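**Q** Before I ask anything, let me first share the structure, which is written out below as structure tokens.
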Amino acid sequence: ADVQEVYTARTKAVEAKKAEWDALFAKYKAAYPAKAAEIERRFNHEVGAETLDKLPTFVAGKDKDLATRKFSELCLNSLAGDLPELMGGSADLTPSNLTTLKCSGDFQKATPGGRYLRFGVREHGMAAICNGLYAYGCYRPFCATFLNFAGYALGSIRLSALSRFGVLYIMTHDSIGLGEDGPTHQPTEMLESLRSMPNINVFRPADGNETSAAYRAALSNPTTPAVICCSRSTVKSLEKSTVDKALKGAYVVAGVENGVAPDLVVIGTGSEVGACVEAATKLTAAGVNTRVVSMPCQELFLAQDQTYQKSVLPGNVPTLSVEASTVHGWHRFSHAQIALTQFGLSGPGGAVFKHFGFGVDNIEAKGKALVEFYQAAGAVPDLSCRPIFNNIQDDGVGHH
């Protein structure tokens, strides 16, 4: 009873303070409507269309090919000037993550107006601070490190998802393609670890337009944290990529499209998409009509209706997925996988990719072998032909 009395009294006192503040803000709003609207926008985590439209778009063959971490830098800074609430930094990897805010200096004792945070090598603490900033209100925090080191921050990232905090996680050096740093720095299981978490969108863009789409989706979803996984190395722009297509999570990026039945579908993500396109060109020339699907975000793709999903991935056509990550999670989308089953190796990025089968020649060979396998089998299992159950019971138990 004593405990209940203490909490009841405290609740009444805080509610009285809130009522007093609400009345004060109502007066402020009447006197300064524009400033009050900006405060409300920030606390509601709203980002206007005019700001999102400042995200860059790119044209293959015209704009310079870059690493997606460099496209990320362009995206971040295209938004920062319009969004004073965008505040964050890196875990001592700013020159690698490319997260400097060009419109603002560091947040320090002598410069409290700075918006860039030097978190130091403390990934868990960094993500926890971002959760605190979001919970306080009026801030849209971001933080960055190498994708492999997201493992050190998983507890706090999980809390972002559980708490419905739209924290922006920028994770660069996203695969074995980072090269000589070796398996201690090369993520293998991290993508699947993050994708298996509820209420989080994991992006692995293949070019500049897909990177812009990742930022647009992230800032348009204030209650879902986003992880944008970026390459260290340069990627080739995709001729058919657009922001709108990428916002659907997956789309046809090369080869035969909807209305023409392909002989083979190849799904790629990130830096592997370019090799998939090259392999598809060779396969099609050899008589195997090949569709290439870029899948920058599984979560967004699975949120599309079944008609769209089947227009991209028919399910009954031999489908090969190609991602420099662990194989788990790809079986729902593909009949066979080129993926990692062990930790990476130290060596030049291109050589390590080729060693593990992510080169054009192996993608071509495995695609051809997959088609031949099902030709011999006489039938292709339809991956889309399965029920999707909602197992949550309406029994009054569930509370968020």
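The values are calculated or read from the model by the stated rules, or taken from the named source; none is laboratory data. The structure displayed is predicted, hence computed values, not measured ones. With ideal geometry, Cβ positions are generated from the backbone for all residues, glycine too; neighbour counts draw on all protein chains shown. When the accessible area is computed, the model is the full protein with side chains, heavy atoms only, and any ligands, DNA or RNA have been set aside. Shrake-Rupley method; radii C 1.70, N 1.55, O 1.52, S 1.80 Å.
**Q** Quick one: would you say Leu147 is modelled with pLDDT under 95, buried (at least 17 other Cβ atoms within 10 Å of the Cβ) and at negative phi?
**A** Values: modelled with pLDDT under 95: no; buried (at least 17 other Cβ atoms within 10 Å of the Cβ): yes; at negative phi: yes.
Against the criterion (modelled with pLDDT under 95, buried (at least 17 other Cβ atoms within 10 Å of the Cβ) and at negative phi), Leu147 does not qualify.
**Q** Please state which one of Ala26, Ala37, Ala91 is over 34 Å from the mean Cα position of the chain (by Cα), aliphatic (A, V, I, L, M) and either modelled with pLDDT of 95 or more or buried (at least 16 other Cβ atoms within 10 Å of the Cβ) (or both). First the steps, then the outcome.
**A** Working: Ala37 fails: over 34 Å from the mean Cα position of the chain (by Cα); Ala91 fails: over 34 Å from the mean Cα position of the chain (by Cα).
None of the others qualify; the one that does is Ala26.
Yes/no per residue for (1) part of a helix (DSSP H, G or I); (2) of a type in the set (Asp, Glu); (3) farther than 18 Å from Cys130 by Cα; (4) open to solvent by 10 Å² or more (accessible area, probe 1.4 Å):
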| residue | (1), (2), (3), (4) |
| --- | --- |
| Tyr152 | yes, no, no, yes |
| Ser156 | yes, no, no, no |
| Tyr169 | no, no, no, no |
| Asp174 | no, yes, yes, no |
| Thr184 | no, no, yes, yes |
| Pro205 | no, no, yes, no |
| Ala213 | yes, no, yes, no |
| Val227 | no, no, no, no |
| Leu238 | no, no, yes, yes |
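**Q** Where in region 290-400 are there helices (runs of 4 or more DSSP H), lying fully within it, with 3 or more residues that are among the hydrophobic types (A, V, I, L, M, F, W, C) and free of Cβ contacts under 8 Å to residues at least 12 places away in the same chain? Write out each step before concluding.
**A** On the way: elements: 298-302, 306-312, 349-355, 360-377.
Per the criteria, 360-377.
**Q** Could I ask something else about it? With respect to the numbered conditions (1) at pLDDT 95 or above; (2) farther than 30 Å from Asp65 by Cβ; (3) open to solvent by less than 20 Å² (accessible area, probe 1.4 Å); (4) in contact with a Phe, Trp or Tyr (Cβ under 9 Å, 6 or more places away or on another chain), which one is the sole condition not fulfilled by Gly137?
**A** The number of the failed condition is (1).
**Q** Against the conditions (1) open to solvent by 20 Å² or more (accessible area, probe 1.4 Å); (2) under 21 Å from Ala275 (Cβ atoms), where does Ser334 fall short? Just the number, please.
**A** In the conditions (1) open to solvent by 20 Å² or more (accessible area, probe 1.4 Å); (2) under 21 Å from Ala275 (Cβ atoms), Ser334 misses (1) alone.
**Q** Hey, among the residues in region 52-77 that are without any contact (Cβ under 8 Å) to a residue 60 or more places away in the chain and more than 19 Å from Ser96 (Cα to Cα), which one's surrounded by the fewest Cβ atoms within 10 Å (Cβ to Cβ)?
**A** So in region 52-77, the residues without any contact (Cβ under 8 Å) to a residue 60 or more places away in the chain come out as 53-54, 62, 64, 70, 73, 77.
From what is left, the residues that are more than 19 Å from Ser96 (Cα to Cα) are 53-54, 62, 64.
Values: Asp53: 10, Lys54: 12, Lys62: 7, Lys64: 9.
Among those that are without any contact (Cβ under 8 Å) to a residue 60 or more places away in the chain and more than 19 Å from Ser96 (Cα to Cα), it is Lys62.
**Q** Is there any pair with a first residue in region 189-217 that is free of Cβ contacts under 8 Å to residues at least 60 places away in the same chain and a second that is open to solvent by 10 Å² or more (accessible area, probe 1.4 Å) and not in a helix (DSSP H, G or I) whose Cβ atoms are under 7 Å apart and which are 6 or more apart or on different chains, and what are they?
**A** Here the result reads Asn199/Arg164; Asn199/Thr224, each pair linking region 189-217 to a residue that is open to solvent by 10 Å² or more (accessible area, probe 1.4 Å) and not in a helix (DSSP H, G or I).
**Q** Restricting attention to region 323-344, which residues are among the hydrophobic types (A, V, I, L, M, F, W, C) and under 17 Å from the mean Cα position of the chain (by Cα)? Even if it seems obvious, please write down each step before you answer.
**A** Narrowing region 323-344 to residues among the hydrophobic types (A, V, I, L, M, F, W, C): 324, 327, 330, 333, 336, 338-340, 343.
If the condition is that a residue be among the hydrophobic types (A, V, I, L, M, F, W, C) and under 17 Å from the mean Cα position of the chain (by Cα), then Ala324, Trp330 are the ones that fit.
**Q** A follow-up question, please. What single numbered condition from (1) in contact with a Lys or Arg (Cβ under 8 Å, 6 or more places away or on another chain); (2) among the hydrophobic types (A, V, I, L, M, F, W, C); (3) over 24 Å from Asp63 (Cβ atoms) fails to hold for Val253?
**A** Tallying (1) in contact with a Lys or Arg (Cβ under 8 Å, 6 or more places away or on another chain); (2) among the hydrophobic types (A, V, I, L, M, F, W, C); (3) over 24 Å from Asp63 (Cβ atoms), Val253 fails exactly one: (3).
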